[in-house]
Amino acid sequence: MLKIAIPNKGTLSEDALVLIREAGYKVRHEGRELSVIDSTNGVDFLFLRPRDIAVYVGGGIVDLGITGRDLLLDSCATASELMPLGFGSSRFCYAVPAESTLLPEHFNHLRIATSYPNIVLADMKKRGFDVEIVKLDGAVEISIQLGVADVIADVVESGATIKQAGLKIVGEPLLKSEAIVIADTPESARKPAIHTFLRRLEGIIVARSYVLVEYDIKEELLDKACAITPGIEAPTVSPLSKEGWFAVKAMAKRAEVNQIIDTLDEIGANGIIVTDIRTCRL
């Protein structure tokens, strides 16, 4: 039976569960279960602390895990990223007091507070700096105000929390993180059960980014319309019973669909319909 580790709480857990359920797996988590078995698909879903998942996967105790890229890198576990999942996006950044002139090139011999010590140490080592790491499990933003650190390094989403704490981000992000699927080695993706799981998730992720556009168009405008809706490989074109008219069907990016509708309407397309896609395989 395939063993897959999922975060036991937080937004990563919630979004992962939605994705997995949409992919056809039966997993119900009420908040207390450590394990839920989907006997139909042959999967044992294990609910673990997000920080521990990379360790279990890298040690071969579970086959796959869903966690954040930042947590994988900070764990130093021998696990590999197989695919990004398109949610849980964040940046890992340095921040200093808003009035400070400190930049990352000035951090040598300073105190840096963080919940991700290994990511920070790797960056400081790359710069040739010797710093003191103040490891905290949370509320990193207040550490400078309390006098235990000169700089913080933390996960940033909107940046509002950093600003509210009287801090500002300095330098480029150390990394850009999001939810990912991990395994012990990249070769694990070739195993049939794992390949199926990844392809199912991929189908949902792609479907969330696309819609299906359908419309009718006169024959003399067909080439122009197909250029507007080229689809993934090519649009599906079928003759209508009304002479000189064709029905066109094509996938289009969700973010562009309103502009596409406007353009089709301008050139004379009729009966324009946009439909959500539940899942797909490309």
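The values are calculated or read from the model by the stated rules, or taken from the named source; none is laboratory data. Note that the structure is a prediction, hence the values are computed from the model and not measured. Cβ: placed from backbone, ideal geometry, glycine included. Neighbour counts: every protein chain shown. Note: areas computed on protein heavy atoms with side chains; ligands, DNA, RNA excluded. Shrake-Rupley method; radii C 1.70, N 1.55, O 1.52, S 1.80 Å.
For this structure, a couple of remarks:
- Those residues of the range 115-140 which are closer than 16 Å to Val96 by Cβ, out of contact with any helix residue (DSSP H, G or I) (no Cβ under 6 Å at 6 or more places or on another chain) and in contact (Cβ under 8 Å) with a residue 24 or more places away in the chain, in sequence order: Val120, Asp123, Val140
- Scanning the range 53-99 for residues that are among the hydroxyl-bearing types (Ser, Thr, Tyr) and either at positive phi or assigned to a helix (DSSP H, G or I) (or both) yields Tyr56, Ser75.
- Options Leu146, Leu174: the member that is under 22 Å from Leu110 (Cβ atoms), surrounded by 16 or more Cβ atoms within 10 Å (Cβ to Cβ) and not small (Gly, Ala, Ser): Leu174
- Among residues of the range 27-40 being in contact (Cβ under 8 Å) with a residue 12 or more places away in the chain and touching a Lys or Arg at 6+ places or on another chain (Cβ under 7 Å), the one that is most open to solvent (accessible area, probe 1.4 Å) is Thr40.
- Members of the range 27-37 that are touching a strand residue (DSSP E or B) at 6+ places or on another chain (Cβ under 7 Å), under 20 Å from Asp52 (Cα atoms) and not in a strand (DSSP E or B): His29, Glu33, Leu34
- Filter pass, Ala139 being open to solvent by 30 Å² or more (accessible area, probe 1.4 Å) and either touching a strand residue (DSSP E or B) at 6+ places or on another chain (Cβ under 8 Å) or closer than 15 Å to Lys168 by Cα (or both): no
- The residue that is surrounded by the most Cβ atoms within 10 Å (Cβ to Cβ), among those in the range 9-26 that are within 15 Å of Val181 (Cα to Cα) and touching a strand residue (DSSP E or B) at 6+ places or on another chain (Cβ under 6 Å), is Ala16.
- Once the range 118-136 is narrowed to residues that are open to solvent by less than 40 Å² (accessible area, probe 1.4 Å) and either over 14 Å from Asp74 (Cα atoms) or not acidic (Asp, Glu) (or both), the residue that is nearest to the chain's Cα centre (by Cα) is Ile119.
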